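A.B. asks: The structure follows.
We did not get these values from a lab; they are worked out from the coordinates using the rules stated. Here the structure is a predicted model, which means the values were calculated and not measured.
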Amino acid sequence: MNPFFLPFVAAVAANSFLTFGFGLRRLVSAEGGGFPRVFAPALAVIIAGFTVWPVFAFFLAPFSLGYLEMMFLVPFSVLISTVSDKIIRSVSLGTQKQTADLSAFSAYDGLTYAAAFMILRLATSFIDALLFASGAAVGYFLCAITLHAIRERSDTEPVPRCLRGIPLMLIASGIIAILASFLASAGFLALGTHL
């Protein structure tokens, strides 16, 4: 796979995350959390890319489970999410002890599951899986940065009361999903590839 394909994968990931609501609660809510809030799901997506391809392509392939393999994705993605939450909590700076993120038990609202599923369906090699995981993490990270900037800007600008908070974030995420979908389709058309 061409490395220049990565931005288009990020656009597809951003579009799917926002359109289907994977991890969206973390992006649109006004809760604090800073470093762990954004980096823990991105780390979970990257770990999913490193592990999901070898496990499903080599260890589970001899059993020929077919569609039943997808049933293993749920506990697999939850395990990856809790491990990434543990890693981020041990790395994050600060004197106070941080509690576990409960959304890690839902694979960050399905974010890790969606990324692992996308990797399994679209990747044809381990390098493809790593590129897809990197693109998905970048897509989520860019969505988080953009929505955070919109939220900060809306605090200083005159926004109608009915649009403040989550409604504005949902509208912004919908617009970002449309832009990401356009970028992805234009990129696939330019590369002559179909998804």
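A.B. asks: From the backbone phi of the range 146-158, what are the Karplus-calculated ³J(HN,Hα) couplings (6.51 cos²θ - 1.76 cosθ + 1.60, θ = phi - 60°) in whole Hz, Gly and Pro given as x?
C.D. replies: 5, 5, 5, 5, 5, 5, 5, 5, 5, 6, 9, 9, x
A.B. asks: Then there's this: How large is ³J(HN,Hα), in whole Hz, for each residue of the range 56-61 in order, when computed from phi with the Karplus curve 6.51 cos²θ - 1.76 cosθ + 1.60 and θ = phi - 60°, using x for Gly and Pro?
C.D. replies: Here the 3J(HN,Hα) series is 7, 8, 10, 7, 8, 4 Hz.
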